[in-house]
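Participant: One structure coming up, written as structure tokens, with questions to follow.
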Amino acid sequence: MDWLNYHHLYYFWTVAREGSVARACVRLRLAQPTISGQIRLLEESLGEKLFVKAGRGLAMTETGQMVFRYASEIFGLGRELQDVLKGRPRGRPLRLMVGVSDMVPKLIAYRVLEPALAMGDAVQLICDEDGPERLIAALAEHRLDIVLSDTPITSAAPVKAFNHLLGTCGVSVFATAALAERFRPGFPASLHGAPFLMPIEGAILRRSLDAWFAARKIEPRLIGEFKDGALMKAFGQAGAGLFAAPDAIEREVRAHYRVEVIGRMDPVTESYYTISIERKLKHPAVVAISNAARESLFAAGPPRQR
């Protein structure tokens, strides 16, 4: 494969932009024979003349004009890349590609990612939801900037990546007003035999709930198991049973699903992480959501309402 020499292309582009070899020499701090020689090498590699004499100066040929347009786009993208890496996007919105684990509650995902859209610079958010293993694979292939997960990546993973803890919050039991009135008195013992909606086997929250119930010798009546937390809450809204959800989104859960808090499942907690291939977060939108999560979303729980 023939490779384009971008140094030669840059010298040509500078001469064309400056309008003469002499002015390009000043801009590049190079001698005229050096620049002229590099442009001749570029012409030889392309098999086309890029400049022709025009009086005392130079004029671009038709091929030269086409090459100049391509070179302008190439070097413009290069500057844009530098600006993005420095957190100063120009022209196009700053893209943030996020993989959201299918076990992360959608309300949590929204609250975590929302600050990226409130940044001064325009941000284009691209979200993909899938299982953690597939998302980590996409992260390793640089198809994602971060993965939002309720579990940290371990040293056994085939990909070298880093966990960035966003925060930890408690977990509460929610239900419709009718069920709350019935099961709130005597909580948590009142949950024995209560209709309960649970995350699927293997989910982090499911293991925590099972351990919490076992430690208190409480056996709720299992009504359904759900991979999709939003679907589970929809069943809860319909009065099918009680369900557990993170305290960090208590206000949203109560308002959106029209349910009430029955009680707190202390000491059960849920933790959330961004996973990246960078030890130190650099993407400005990722830094923004991380700071907001630690300083606001998970800084303190909601008012302890009954």
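Participant: Hey, can you tell me all the residues within segment 26-37 that are within 43 Å of the chain's Cα centre (by Cα) and either aliphatic (A, V, I, L, M) or assigned to a helix (DSSP H, G or I) (or both)?
Facilitator: First pass over segment 26-37, keeping only residues within 43 Å of the chain's Cα centre (by Cα): 27-29.
27, 28, listed by residue number.
Participant: What do you reckon, is residue 158 under 17 Å from residue 271 (Cα atoms), out of contact with any Ser or Thr (no Cβ under 6 Å at 6 or more places or on another chain), not polar (S, T, N, Q) and not in a helix (DSSP H, G or I)?
Facilitator: Details: under 17 Å from residue 271 (Cα atoms): no; out of contact with any Ser or Thr (no Cβ under 6 Å at 6 or more places or on another chain): yes; not polar (S, T, N, Q): yes; not in a helix (DSSP H, G or I): yes.
So residue 158 does not fit the description; no.
Participant: Could you check residue 108 against (1) under 30 Å from residue 216 (Cβ atoms); (2) among the aliphatic types (A, V, I, L, M); (3) in contact with a Lys or Arg (Cβ under 9 Å, 6 or more places away or on another chain) and say which number it fails?
Facilitator: (3) is the only condition that residue 108 fails.
Participant: Return yes when residue 240 is over 26 Å from the mean Cα position of the chain (by Cα), assigned to a loop (DSSP other than H, G, I, E, B) and of a type outside the set (Lys, Arg) and no when it is not. Before you say what the answer is, go through the steps one by one.
Facilitator: Details: over 26 Å from the mean Cα position of the chain (by Cα): yes; assigned to a loop (DSSP other than H, G, I, E, B): yes; of a type outside the set (Lys, Arg): yes.
Spelling it out, residue 240 is indeed over 26 Å from the mean Cα position of the chain (by Cα), assigned to a loop (DSSP other than H, G, I, E, B) and of a type outside the set (Lys, Arg).
Participant: Whether any residue in segment 44-55 is surrounded by fewer than 18 Cβ atoms within 10 Å (Cβ to Cβ), in a helix (DSSP H, G or I), in contact (Cβ under 8 Å) with a residue 40 or more places away in the chain and out of contact with any Ser or Thr (no Cβ under 8 Å at 6 or more places or on another chain) is what I want to check.
Facilitator: There is at least one residue in segment 44-55 that is surrounded by fewer than 18 Cβ atoms within 10 Å (Cβ to Cβ), in a helix (DSSP H, G or I), in contact (Cβ under 8 Å) with a residue 40 or more places away in the chain and out of contact with any Ser or Thr (no Cβ under 8 Å at 6 or more places or on another chain).
Participant: I'd like to verify a number: residues in segment 259-278 that are buried (at least 21 other Cβ atoms within 10 Å of the Cβ) and either without any contact (Cβ under 8 Å) to a residue 24 or more places away in the chain or in a loop (DSSP other than H, G, I, E, B) (or both), how many?
Facilitator: Here the count works out to 1.
Participant: A further question follows. Within segment 103-123, which residues are surrounded by fewer than 16 Cβ atoms within 10 Å (Cβ to Cβ) and outside any helix (DSSP H, G or I)?
Facilitator: The answer is 118, 120, 121, 122.
Participant: How many residues are closer than 15 Å to residue 271 by Cα and part of a loop (DSSP other than H, G, I, E, B) when one looks only at segment 132-153?
Facilitator: Of the residues in that region, 4 qualify.
Participant: Within the group 19, 76, which residue is closer than 30 Å to residue 282 by Cα and either under 44 Å from the mean Cα position of the chain (by Cα) or at pLDDT below 90 (or both)? Give the steps one after another, and end with the answer.
Facilitator: Values: 19 fails: closer than 30 Å to residue 282 by Cα.
Step by step, each of 19, 76 is checked, and only 76 is closer than 30 Å to residue 282 by Cα and either under 44 Å from the mean Cα position of the chain (by Cα) or at pLDDT below 90 (or both).
The values are calculated or read from the model by the stated rules, or taken from the named source; none is laboratory data. This structure is a prediction, so every number in the text was calculated from the model and none was measured. A quick note on method: Cβ atoms are made from the backbone with ideal geometry, for glycine too, and the neighbour counts reach across all protein chains shown.
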